[in-house]
Structures are given as C-alpha cells and as structure tokens.
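J.: What follows is a single structure, and I will ask about it in a moment.
The values are calculated or read from the model by the stated rules, or taken from the named source; none is laboratory data. Just so you know, these numbers come straight off a predicted model, no measurement behind them. Don't worry about glycine lacking a Cβ; one is built from the backbone with ideal geometry, like all the others, and counts go over all protein chains shown. The accessibility values were calculated without ligands, DNA or RNA, using every heavy atom of the protein model including side chains. Shrake-Rupley method; radii C 1.70, N 1.55, O 1.52, S 1.80 Å.
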Amino acid sequence: MKTQVAIIGAGPSGLLLGQLLHNAGIDTVILERQSPDYVLGRIRAGVLEQGMVDLLREAGVSERMDREGLVHDGFELAFEGRQERIDLKTLSGGKTVMIYGQTEVTRDLMEARKASGALSVYEASNVQLHELKGEKPYVTFEKNGETVRLDCDHIAGCDGYHGISRQSIPADALKTFERVYPFGWLGVLADTPPVNEELIYANHERGFALCSMRSKTRTRYYVQVSADEKVEDWSDERFWDELKQRLPAETAARLVTGPSIEKSIAPLRSFVVEPMQYGHLFLVGDAAHIVPPTGAKGLNLAASDVCTLYRILTKVYHDARTDLLQRYSEVCLRRVWKAERFSWWMTSLLHRFPDTDDFGHRIQQTELDYFLGSEAGRKTIAENYVGLPYEPIE
Ligand code: APR
Ligand code: PHB
C-alpha cells in the first residue's frame, strides 16, 4: 500500500488533518487501533475556541456544529461567595467560544471521512514506524492476522498520549517537560438542564468545581478529588451533594440533579515534548502535549497543530516548499507553551493544593481578586480563554 501522508490515530487530530489534506488533494491513510464505536465512546472536553471553529468550517465539517452548538460570550468565576463574569466577547474584541462536545466533532469528522472515500483502517494492531530518518519512511500494521506495509512520504503521529508515535523516537532525541498535579477531576454527564447559561468555574475551600454542558438538555459537572480517589466510592447522590456544597448558595439551589450517564476520574497533568518532529514523523495533539483541563485547551491545541501541519504540507505538495517542514515544531511549540502556561495558571488559581499554607491561600484569593478587579487582568483571562491567534508558518 502507498499514500502521501500516513496518519496514526483517528481521534480529532487525525480525522481533522485527514479531512483538510483530502480537500487539498493530498492522499492520506488513517490507521486506528480501536473500533469507531470505541473512539466515539470516550467522553472528553466540549469548549471550542474561535480558531478551531473556523478550521472546522474550512474543513467543511461544521454544518451540525453551526446548527446545534451553543455560542458562549462569557463564563463565570465563583470564589469567596462572589460570582464574577468574564465577558469574553467584549474583552477579546468580539471573539466567543462554541460549546460542542469532542464526541460530536469526532462523529462529524468520521462521517465526512467516510463520504470522502479516503481509507481509514480501524482495529489496526501493532502499528510500527520505520525509516523515520531515511529516504523512504513506511509504516507496518496488522489487520485480520496479516501484516500490511504502507509506504508514505510523511507520517503524522496523531495517536494521543499513549500512542506509538512518540515512543518511536529515540529517547535522547526528545526533551520532556512534565508536571503532575496532586488531584484529579471526577466528572459526571447527565441529561439535566444546565444550572447556568454559561460555564461556572468555582474555587471553594472543599476544592474546585466546574459546571459545564454539552447542550441545553445535557450537562457535564466536575469536582476536584484527591489523586487516589476511586470512582466506585462516588454514588450519584454523593457527587451531587459535594457539587452543591462547592457552588454559591443560589446556584446550588437551582441545580437540577438526575442519574449519571457517565462518571469517571481523570488525572491532571502538564506535559510537553520538544521537538515535535523527528525526520519524517510529525507529532500532533495529545501525542506531543497534555494540559490540565482547567482552561479547556487540550482539543484546541490539537486543532492548532493540525492547522500548522496542514498549511505546511499543502505548501510542500503544491509549491514544493519542503524547506517549511523543519519549521513545524517551533511554530507549534510557541503556541503550545502559551496554552500550557494558561492551563497551569488557571489550575493553580482555582484548585486546593494539599500543601498550601494560609499564606498561599491568601495569595490565591488575592490573585483572583486582583485579576478580576482589573480590566487588564480580565482581558488577559479572556484573550487566553478564547484562544491566542494561530502562528503563521512563515
Ligand atoms: N496505533 C493506532 N492508533 C492508536 C495507537 C496506536 N498504537 N495508540 C493510540 N491510538 C489512537 C487512539 O485509539 C485514539 O483514537 O489514537 C487516537 C488518539 O486520539 P486522542 O487521544 O483523542 O488524541 P488527539 O486526536 O490528539 O485529540 C486531542 O484533546 O481534549 C483533548 O485529550 C483530549 O482527545 C483529546 C485531545
Ligand atoms: C467540559 O465541558 O468537559 C469542560 C469544559 C471546560 C473545561 C474543561 C472541561 O475547562
């Protein structure tokens, strides 16, 4: 088998890159370890930056998002009995975010891929990357008990944090940056009406809480829990009780509870590898970096990597600009680190850390009070939350 770009992983990164390249007349094959249903079963984030919304429109996969997604002009921060709104639209010069679940983005992209006729191989096992630094890279994988060889020009490693792509790079060619936080997020999905029209991020002495949503009838709520907490110990009742305690009283009084459809605990981590390229292999999205979910940046960073690689590869195939390939990593990393910084900062600002003393608490309260009380502070939060601009490739 032969293609121009071999894409490893059919999460949002791989599927979106595949769609953009297909539209540009560039041939791709996507290799995914899991089945389509498994991929769609994962519950992930749901806030899309303006840049990602625009990219989905450019890819021609925005019809349902534009119909069903909820445009949010702001969000709320609750702390110390106060509830303050960040007016994203006014503070960022007109930008907004779109509430539309990653699962729905993935579903739309899967359907577009199917309609395009481009090849995706699901349940491809033992994917291996070869000759990454050589003249002719290729990928091998197993399907229905047979080993298949896929020759290609370039490989896009879109296979997430646990994927094979990053692991195929010699350890001494990569530098890793990591911070693991001493807590996780317990999330619940429920078919209940949202407690508020906009998202509420709450800093409470019992720990962080977030009120989010997927639609006007489906909610996603989170509470900070300690790193060793077990999901089995959290009945729906215990979850709703804990959430209510962490919200401002009148918000808690409005909260509509119901049976959970999904409940899981996610650890919080910041992680970056440098560089994001090794020979013919380009790391994209979660394969190269992880952010804690506090700023809703994970999926959006994947989209900006995809955009950068797509713009470079179209110049390579249409204008023979192979010189641009070596720019991929530095262009991506500048934006990646800014989102890493914002996610780390939002996490530090809003969570309870087990080793924070009284002085640390006052500093945290004062930082919130200072940023919210200053126009410059609110603008800083807003411009990061709606997403910093995509970096040009030259
Ligand atoms: N071979 C083939 N496919 C693989 C392999 C492998 N060895 N390892 C992992 N995969 C697949 C996974 O099954 C998954 O479908 O790669 C895909 C990676 O998808 P994601 O983890 O969703 O990563 P990405 O597409 O970069 O999405 C960005 O943003 O909000 C965050 O974590 C959230 O998933 C989200 C991410
Ligand atoms: C979500 O809806 O799952 C969500 C929203 C905002 C975040 C993180 C997660 O910051």
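J.: Could you please find all residues in segment 121-150 being among the hydroxyl-bearing types (Ser, Thr, Tyr) and either touching a His at 6+ places or on another chain (Cβ under 8 Å) or within 11 Å of ligand 1 (Cβ to nearest atom) (or both)?
T.: Scanning segment 121-150 gives TYR122, SER125, TYR138, THR140.
J.: OK, next. Would you pick out the residues in segment 86-124 that are hydroxyl-bearing (Ser, Thr, Tyr) and within 30 Å of TYR201 (Cα to Cα)?
T.: Result: THR90, SER92, THR96, TYR100, THR103, THR106.
J.: Determine which single condition VAL53 fails, assuming it passes every other condition in (1) of a type in the set (Val, Ile, Thr); (2) under 23 Å from GLY377 (Cβ atoms); (3) within 16 Å of ligand 1 (Cβ to nearest atom).
T.: Here VAL53 meets the rest and fails (2).
J.: On to the next question. State all residues of segment 121-135 that are modelled with pLDDT of 95 or more and either open to solvent by 20 Å² or more (accessible area, probe 1.4 Å) or not in a loop (DSSP other than H, G, I, E, B) (or both); if no residue qualifies, say none.
T.: Residues satisfying the conditions are VAL121, TYR122, GLU123, SER125, ASN126, VAL127, GLN128, LEU129, HIS130, GLU131, LYS133.
J.: List pairs: first in segment 368-387 and closer than 23 Å to ARG352 by Cβ and among the aliphatic types (A, V, I, L, M), second open to solvent by 10 Å² or more (accessible area, probe 1.4 Å) and part of a helix (DSSP H, G or I), Cβ under 7 Å, 6+ apart or cross-chain?
T.: Taking only residues 6 or more apart or on different chains, the pairs are LEU372/ARG378; ILE381/PHE371.
J.: Does GLU84 satisfy the criteria of being more than 23 Å from the chain's Cα centre (by Cα) and under 30 Å from ASP369 (Cα atoms)?
T.: Yes.
J.: For segment 272-294: of the residues being touching a Lys or Arg at 6+ places or on another chain (Cβ under 8 Å) and of a type outside the set (Val, Ile, Thr), which is nearest to ASP241 (Cα to Cα)?
T.: PRO292
J.: So, one more: If a residue must be more than 23 Å from ILE155 (Cα to Cα) and either surrounded by 23 or more Cβ atoms within 10 Å (Cβ to Cβ) or not aliphatic (A, V, I, L, M) (or both), how many such residues does segment 28-43 contain?
T.: Qualifying residue count for the region: 4.
Residues are listed down the side, and each one gets a yes or a no for (1) buried (at least 19 other Cβ atoms within 10 Å of the Cβ); (2) in a loop (DSSP other than H, G, I, E, B):
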| residue | (1), (2) |
| --- | --- |
| ARG166 | yes, no |
| ARG179 | no, no |
| PRO194 | yes, yes |
| GLU197 | no, yes |
| GLU232 | no, no |
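J.: Next question. Which one is farthest from ligand 1 (Cβ to nearest atom), of the residues in segment 273-323 that are of a type in the set (Lys, Arg) and not in a helix (DSSP H, G or I)?
T.: Only one residue tops the list, namely ARG321.
J.: Is it the case that GLY360 is open to solvent by less than 60 Å² (accessible area, probe 1.4 Å), assigned to a helix (DSSP H, G or I) and modelled with pLDDT under 95?
T.: The answer is yes for GLY360.
J.: Here's something else I'd like to know. For the structure I just gave you, tell me whether LEU15 is within 16 Å of ligand 1 (Cβ to nearest atom), in contact (Cβ under 8 Å) with a residue 60 or more places away in the chain and either closer than 30 Å to TYR317 by Cα or not hydrophobic (A, V, I, L, M, F, W, C) (or both).
T.: It is true that LEU15 is within 16 Å of ligand 1 (Cβ to nearest atom), in contact (Cβ under 8 Å) with a residue 60 or more places away in the chain and either closer than 30 Å to TYR317 by Cα or not hydrophobic (A, V, I, L, M, F, W, C) (or both).
J.: What pairs come out if I take residues in segment 262-277 that are more than 18 Å from SER329 (Cβ to Cβ) and touching a residue at least 12 places away in the same chain (Cβ under 8 Å) and pair them with residues that are among the polar types (S, T, N, Q) and assigned to a strand (DSSP E or B) whose C-beta lies under 9 Å away, six or more apart or interchain?
T.: The qualifying pairs are LEU268/GLN224.
J.: What is the residue count in segment 318-369 for residues that are of a type outside the set (A, V, I, L, M) and within 30 Å of ASP27 (Cα to Cα)?
T.: 13
J.: Go over the candidates ALA190, ALA209, ALA171 one by one and state the one that is farther than 30 Å from ASN126 by Cα and without any contact (Cβ under 8 Å) to a residue 40 or more places away in the chain.
T.: On inspection, the qualifying residue turns out to be ALA209.
J.: Among the residues of segment 234-272 satisfying the criterion of being open to solvent by 60 Å² or more (accessible area, probe 1.4 Å) and part of a strand (DSSP E or B), which is nearest to ARG42 (Cα to Cα)?
T.: Filtering segment 234-272 for residues that are open to solvent by 60 Å² or more (accessible area, probe 1.4 Å) and part of a strand (DSSP E or B), the one nearest to ARG42 (Cα to Cα) comes out as ILE261.
J.: Determine which member of the set VAL284, VAL306, VAL291 is within 19 Å of the chain's Cα centre (by Cα) and open to solvent by 10 Å² or more (accessible area, probe 1.4 Å).
T.: Criteria check complete, one pass: VAL291.
J.: Would you confirm whether any residue within segment 205-212 is on the phi > 0 side of the Ramachandran plot, open to solvent by less than 20 Å² (accessible area, probe 1.4 Å) and touching a strand residue (DSSP E or B) at 6+ places or on another chain (Cβ under 6 Å)?
T.: yes
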